[in-house]
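Here is the structure we will look at.
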Amino acid sequence: AKQSQHAELQVAAYQCIVQIVEHHYDVMGDHMIQLGDMTATSIQQGPDKIALPSIEFWCTLADEELFRKDIEREARSNGTPPEIQSRNFIYQAKSSLIVLMLQSLTRGQKDDEEEEDTYSIAMAAQGCLQLLAQLLGDDIIEPVVSFVGANFRDQDWRKREAAILAYGSIVEGPSEDRMRQIVAGSLAELTAALKDTSLSVRDTTAWMLGRIAATHPEVMNVPALASLLGEKLSDHPRVAANICYVLHCIAEQASPGGAGPHAATTPLSPYFSDFIRVLVEVTQRRDG
């Protein structure tokens with residue numbers, strides 16, 4: 001069916017494969033090479049309606065292997081054999097799969113000013129990278145960091161946005177210590193992308209900062225960020241909404257020195273009045 005000239009039949013065939021992976025994972029071994037080649041071609045060359053279920057195939061496979069890894073860890077902690085085991089299909093395909101998803105981050109992107117109502121190949125690839133980061137851990141860092149370095153300053157806003165999408169996708173999954181060092185060393189430069197001329201780049205940068213604030217709050221240098229975050233609350237609604245989430249995460253989680261949610265002061269305390277004033281103004285915006 002995947003060779004059919006009828007696109008709807010091809011889509012149905014890929015969706016069926018996704019269901020087979022979900023419910024019959026253990027019998028997929030003999031077919032993985034063929035499925036890998038087939039889905040890679042569809043993702044690289046196929047129309048969106050076929051590329052999307054091809055990425056979903058890998059997302060479903062990663063989800064299943066994450067579930068099985070959890071079962072294995074629980075069994076080890078209990079000193080019992082696991083009821084089910086991962087066959088590590090993702091790990092075996094990791095090198096080509098990571099590259100494939102990184103390349104897909106620039107496919108199907110919206111126009112810069114267009115609203116994000118349509119689920120694109122880039123969005124699907126970003127979701128898959130998040131799953132790969134959880135499954136592969138530190139193995140995903142080097143290829144992603146290389147991709148970010150190669151595209152972060154590109155003249156094409158789509159490549160700049162792809163770099164930030166990739167970075168934000170791996171902040172959770174690799175070892176916390178290693179990822180914290182990488183984030184701490186690059187946060188200032190990444191944050192500067194909030195001033196990019198491209199709305200999409202600013203929007204994605206604000207999303208990335210939210211991911212960092214939620215997973216590595218200790219690296220968020222609030223004194224250095226406060227002025228820019230406050231300024232960006234007046235940016236396009238897409239950007240401002242993500243900045244609100246950044247502030248939410250900082251307020252909820254960033255507590256250096258062991259300060260808890262009921263501590264007398266937090267990193268936001270010196271800026272509290274200013275942020276409240278701007279946030280109240282945001283609630284009255286008519287463009288959101």
For the chain, what number of Lys pairs, 8 or more residues apart or on separate chains, have alpha-carbon atoms under 26 Å from each other?
13
In whole Hz, with x marking every Gly and Pro, tabulate ³J(HN,Hα) for region 121-131 from phi via Karplus 6.51 cos²θ - 1.76 cosθ + 1.60, θ = phi - 60°.
4, 4, 5, 5, 5, 5, x, 5, 4, 4, 5
Scoring only Lys, Arg, Asp and Glu (+1, +1, -1, -1) among other residues with Cβ under 12 Å from the Cβ of residue 180 yields -3
GluC sites (Glu not before Pro), restricted to region 1-97: which are DSSP loop and have at most 12 other Cβ atoms within 10 Å?
83
Size of the dipole of the chain about the Cα centre, Lys and Arg at +1 and Asp and Glu at -1 on the beta carbon, nothing else charged, in debye to 20?
400 debye
When Rg and Dmax of the Cα atoms in Å is calculated directly from the model, which label among [x] 21.0, 66; [y] 20.1, 62; [z] 22.0, 76 fits?
[x]
Relative contact order (%) - criterion: Cα under 8 Å, at least six apart; region: the chain:
11 percent
In percent, what relative contact order does region 1-53 have, based on Cα pairs under 8 Å that are 6 or more apart in sequence?
35 percent
Express the accessible area of the chain per residue in Å², computed with a 1.4 Å probe while the remaining protein chains stay in the model.
51 Å²
Region 140-288: relative contact order in percent, alpha carbon pairs under 8 Å with at least 6 residues between:
18 percent
Charges only on Cβ, +1 for Lys and Arg, -1 for Asp and Glu: so what's the dipole of region 23-150 about the Cα centre, in debye to the nearest 20?
520 debye
Tally up the carbon and sulfur contribution to the accessible surface of region 160-288 as a whole percent, 1.4 Å probe, everything protein left in place.
53 percent
222 nm mean residue ellipticity, helices alone, for the chain (DSSP H n ≥ 4; -39,500 (n - 2.57); rounded to 500):
-21500 deg cm²/dmol
In terms of the Cα gyration tensor, with a ≥ b ≥ c the square roots of its eigenvalues, is region 118-232 rounded because a/c is under 1.5, prolate because a/b exceeds b/c, or oblate?
oblate
Where in region 13-51 does the amide nitrogen come within less than 20 Å of the point 7 Å from the Cα of residue 88, taken along Cα to Cβ?
25-34, 36
Honestly region 1-158 on the Cα gyration tensor test (a ≥ b ≥ c root eigenvalues; a/c under 1.5 rounded, otherwise a/b vs b/c for prolate or oblate) is just oblate
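The values are calculated or read from the model by the stated rules, or taken from the named source; none is laboratory data. Fair warning: this is a prediction, and the values are worked out from it, not measured in the lab. Quick reminder, even Gly has a Cβ in these numbers, built from the backbone with ideal geometry, and neighbours come from all protein chains shown. Only protein heavy atoms, including side chains, enter the accessible area calculation; ligands, DNA and RNA are left aside. Shrake-Rupley method; radii C 1.70, N 1.55, O 1.52, S 1.80 Å.
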